[in-house]
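Computed from the coordinates by the stated procedures, all read-outs in this text should not be read as laboratory data. Just so it is clear, the model here is predicted, and its values are computed rather than measured. Here the Cβ is made from the backbone with ideal geometry for all residues, glycine too, and neighbour counts use every protein chain on show.
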Amino acid sequence: MADTGIFATTAEVQRKVGANASSTANVEAYINDFMTQAESAINVATRYNWSDAYSGLNVDVKGILKEAASNLAAMYVIQFDMSGFTSRYEAETMLDVLNSGFLRALSILRDIKQQDFMNGA
């Protein structure tokens, strides 16, 4: 099976979930599904179809999309089963850090002035 996500790869998500993530959810098939959901959520939340425009975007914009999508997909992997973490606090802290990065990236992508800049770059 190959990566089917547009914004980020399985390996990029796996680097964010940590060593204690569920071995069931931390695999390509699950991450491909989570990535599709993340990409759709980003497109709808920003009211712009970044997936369709992706090939024409510059590397900086792609990096922001990668951060947003890989953070959200990583959150899905972690929340799938938190029993492998050393404590629930560990998993929740990871979710908080990923959520903060996701919201920051989403805020940048939502801002119409930022969109104009990114589309013109």
Cα Rg, Dmax (largest Cα-Cα span) when computed across the chain, Å:
14.5, 46
Select from ILE108, THR24, THR9 the residue farthest towards the positive end of the dipole of the chain; place +1 on Cβ of Lys and Arg, -1 on Cβ of Asp and Glu, and compute about the Cα centre.
ILE108
Net charge dipole size for the chain [Lys, Arg +1 and Asp, Glu -1 on Cβ; Debye, nearest 20]
240 debye
Below 8 Å between Cα atoms, with a sequence gap of 6+, how large is the relative contact order for the chain in percent?
34 percent
Between ALA68, ALA105, ALA45, where does the largest GNM mean-square fluctuation fall for the chain, given springs only between Cα atoms within less than 10 Å?
ALA45
Filter the DSSP H helices in the chain by two things, a Kyte-Doolittle mean of at least 1.6 and an axial alpha-carbon span of 24 angstrom or more, and list the hits by number.
none
For the chain, what does -39500 (n - 2.57) per DSSP helix run (n ≥ 4), summed and divided by total residues, give at 222 nm, in deg cm²/dmol to the nearest 500?
-22500 deg cm²/dmol
